[in-house]
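J.: Below you'll find the structure I mean.
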Amino acid sequence: MEHIIPLFVAISLATAFLISLLGSKFKFFRTAFPVISSAALVILSVLSIFLVNNNGLMVYKMGGWIPPIGICMVLDGLSSFMLLTVNLVAFFIMIYSINYVKKYTDVYKYFGLLFLMLAGMNGVIITGDLFNLFVYLEVAAVSSYALVAFGTGRQELEASFKYMVMGTLASGLILLSIALMYSYTSTLNMADIGKSLANEGSSSVIIFISVMFIVGFGLKAALVPFHWWLPDAHPSAPAPISAMLSGVLIKALGVYAIIRIFYNVIGSNIYTSRILLVLGTLSMIVGVIFAIGQYDFKRLLAYHSISQIGYVILGIGLATPLGILGGLFHLFNHSIFKSLLFLNSGAVEYSTGTRDLKKMGGLNKKMPVTGNTSMIASMSIAGIPPFNGFWSKLLIIIACVEANEYIYGLFAVIGSVLTMASFMKVQKYAFLGKLKEKWKNIEEVPFGMKFSMICLALICVFGGLLLLPEISNLLLKEASNAVLIGKEYVNQVLGSV
Amino acid sequence: MINNRDSQGMSVIVKTITRLTIGLILLYGVYILLHGHITPGGGFAGGVIIALSFIHIMLAFGKNVALEKLNQTWSKIFESTGALLFITIAFLGFFGGVFFNNFLDKGEHFELFSAGTILLSNIAIFLKVGAGLFLLFVALVLFKIGGRK
């Protein structure tokens, strides 16, 4: 059964190249095939959760070479949780894309790039080698630059260029810190680095490396003050790609890498958690304040991504069991409702051709599915019970209070109120009120797009059930335990080879 | 043989020298590719050198002559096939028990046909890198700048 571990990367890569080889000739390879392939990835992710639950942490030796000499892949609770998040969102986005991308030429390139990005994200999550993490990160990042520019308009190209400059800066910092880490520890295997750091003890090099990792991955995760590329890059992409970028890419490349490196490899200390707390709170408040003034639907959502990532980082930075559980749960919830909101904005753009909230109005009457699912998603992101966003925000705020960090808890509440205000604005301008004369003849979007939106909305409604003890022990507890064991990760990986 | 029928490209001196050296460059690329597992080099270096021989034709004789030798459609097919071949070799490793396992007979040290799947992987990488590099160059050559509005 352990043989499913490399398949996450292999299946998505093979799909990407099959699509690019055959997609221009056969219609099957640009419609049904991506959906089948990503459905297979979802099934494998669910299998991996049960696998971790039965066997604990698993190490896969590529080509039979024993780490640290060979390259290994590591599957633990956190990896399987992230794999499920990424592949579930990707599956719904594939279904949505089939109808949405009809307006573009060279559709097969779109799906090929999307699967390359998926391969990169799955690789980042599953790998146990620091340099491989960088390579997969670049695979995902480079294909996302191309996807942001997929519309090839003036605005798209400018946003893509800006995104590429910032992304390359981040990658450069990450590569530099990996190089320094290699020169300090003489190994690239993450578990072996952890062991070597434990033997050598701390030094100023490690502090320098940590700072560069925080800046590099902070840029990838769009934490304030490294956020300013995101509000340009995410709205310019085609809507399903915005959903993918905001929903999972910034989490897989940014948040996941921060958690893995700072909790399991370097080992958490009071300074890094303090920095994460401050950065998280800043993002939470600054993101939402910028969001409130926006009238471009997708740009507003992009600013909210910054704000919600702040909640995740705040929960992670608390470093208490409840905080990490809440942070990870919010990560899952955010990927669901933010993708849903971006898909809603795509549906509105598909039918009306505009992203300007002031030009919309009363769309609920003509597009009931889009209107109602966006209402559910708005209430989730604003934290209204019983939707999933409420439970994760509640956990984070309770964790703040338990850890005696009342100020951060207060900021979390303020951020939530401001989020609700800005989504009331979205609902009022776009979906409620009187239908404008201009939109008398618009139609609801096709079935594939409706199907993905309804499914994501259902997950929003029933997402709170993940906290039930039986499901939580399987998924969220395993994930937060994988973070909480800290440097015990090193012994578990090296012990199982 | 490359014929010199149109006036595109560089001067006669460059064209003559190119005609003499082009085969040697191609051959050297193939050598680097096939000996990747026993001497420095391999699929990436061999692929780059082989792609350079085609780029050399393009620089000296103009894009039409080069694209007659290897057109974009075939380059695209070679590129995707290379990547798929590499993944297939990795999947075939399951016959040896593990993903990426070197399941073939390793043979004698320093023989040309030794080291199992390494030679096959090098060939796959050569297809991907060679065709990819050539396509990048073609994209740069064919790209036309649109008018500013």
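J.: Give the angle, between 0 and 90 degrees and rounded to the nearest 10, that separates the Cα long axis of helix A:190-200 from the longest principal axis of the Cα atoms of chain A.
T.: Rounded to the nearest ten degrees, it is 50.
J.: Round to a whole angstrom and tell me the spacing of the C-alpha centers of segment A:422-437 and segment B:85-128.
T.: 60 Å
J.: Averaging the inverse of every distinct alpha carbon separation and then flipping it gives the Kirkwood radius. What is it for segment A:392-497, in angstrom units?
T.: Every distinct Cα pair counted, the radius reaches 18.7 Å.
J.: So, one more: Need one value for A:63-76: mean number of C-beta atoms belonging to other chains within 10 Å of its residues' C-beta atoms.
T.: Mean shielding count: 2.
J.: Based on the alpha-carbon gyration tensor of segment A:184-233 and its eigenvalue square roots a ≥ b ≥ c, which shape applies: rounded if a/c is under 1.5, prolate if not and a/b is larger than b/c, or oblate?
T.: The shape class here is prolate.
J.: I would also like to ask the following. Can you sort B:S11, A:S80, A:S171, A:S416 by how many other beta carbons sit within 10 Å, fewest first?
T.: Exposure proxy ranking, most exposed first: B:S11, A:S171, A:S416, A:S80.
J.: What number, rounded to the nearest 500 deg cm²/dmol, is the helix-based mean residue ellipticity at 222 nm of chain A, given -39500 (n - 2.57) per DSSP H run of at least four residues and division by all its residues?
T.: -23500 deg cm²/dmol
J.: Just the C-alpha atoms of segment A:434-485: what Rg/Rh do they give, with Rh taken as the Kirkwood radius?
T.: 1.34
J.: Right, here's the next one. Which of rounded, prolate or oblate describes chain B when judged by the alpha-carbon gyration tensor and an a/c cut-off of 1.5?
T.: oblate
J.: What list of whole percents do you get for P(r) of segment A:322-447, with Cα-Cα distances grouped in 10 Å bins up to the one holding the largest distance?
T.: The calculated distribution, bin by bin, is 13, 39, 25, 16, 6, 0.
J.: Let me ask another. Of the options A:F262, A:F329, A:P225, report the single residue whose Cα projects farthest towards the positive end of the charge dipole of segment A:210-332 (beta-carbon charges: Lys, Arg +1; Asp, Glu -1).
T.: Positive-end residue among those listed: A:F262.
J.: At q = 0.12 Å⁻¹, what is the log10 ratio I(q)/I(0) for the protein assembly as shown, with the Debye formula run over Cα points and no solvent?
T.: For the requested q values the scattering log ratios are -1.28.
J.: Among A:F447, A:V46, A:M166, whose Cα sits farthest toward the positive end of the charge dipole of the protein assembly as shown (+1 at Cβ of Lys/Arg, -1 at Cβ of Asp/Glu, about the Cα centre)?
T.: Of A:F447, A:V46, A:M166, it is A:F447.
J.: So, one more: How large is the charge dipole for the protein assembly as shown, taken about the Cα centre, if only the Cβ atoms of Lys, Arg (+1) and Asp, Glu (-1) carry charge, to the nearest 20 debye?
T.: So the magnitude is around 2460 debye.
J.: Taking the Cβ of each residue in A:L282, A:L157 as the centre, tally the other Cβ atoms inside 10 Å and list the residues starting with the fewest.
T.: In increasing order of surrounding Cβ atoms, one gets A:L157, A:L282.
J.: Under the definition of Cα pairs under 8 Å and six or more residues apart, what whole-number percent is the relative contact order of chain A?
T.: Across chain A, relative contact order equals 17 percent.
J.: Right, here's the next one. Of chain A, which part is the longest with no chymotrypsin sites (Phe, Trp or Tyr not before Pro) in a loop (DSSP not H, G, I, E, B) and with at most 15 other C-beta atoms within 10 angstrom?
T.: A:296-497
None of the figures in this text is laboratory data; all of them are computed from the coordinates on show. Remember, predicted model here, so these are calculated numbers, not experimental data. Note that each Cβ is placed from the backbone with ideal geometry, even for glycine, and that neighbours are counted across all protein chains shown.
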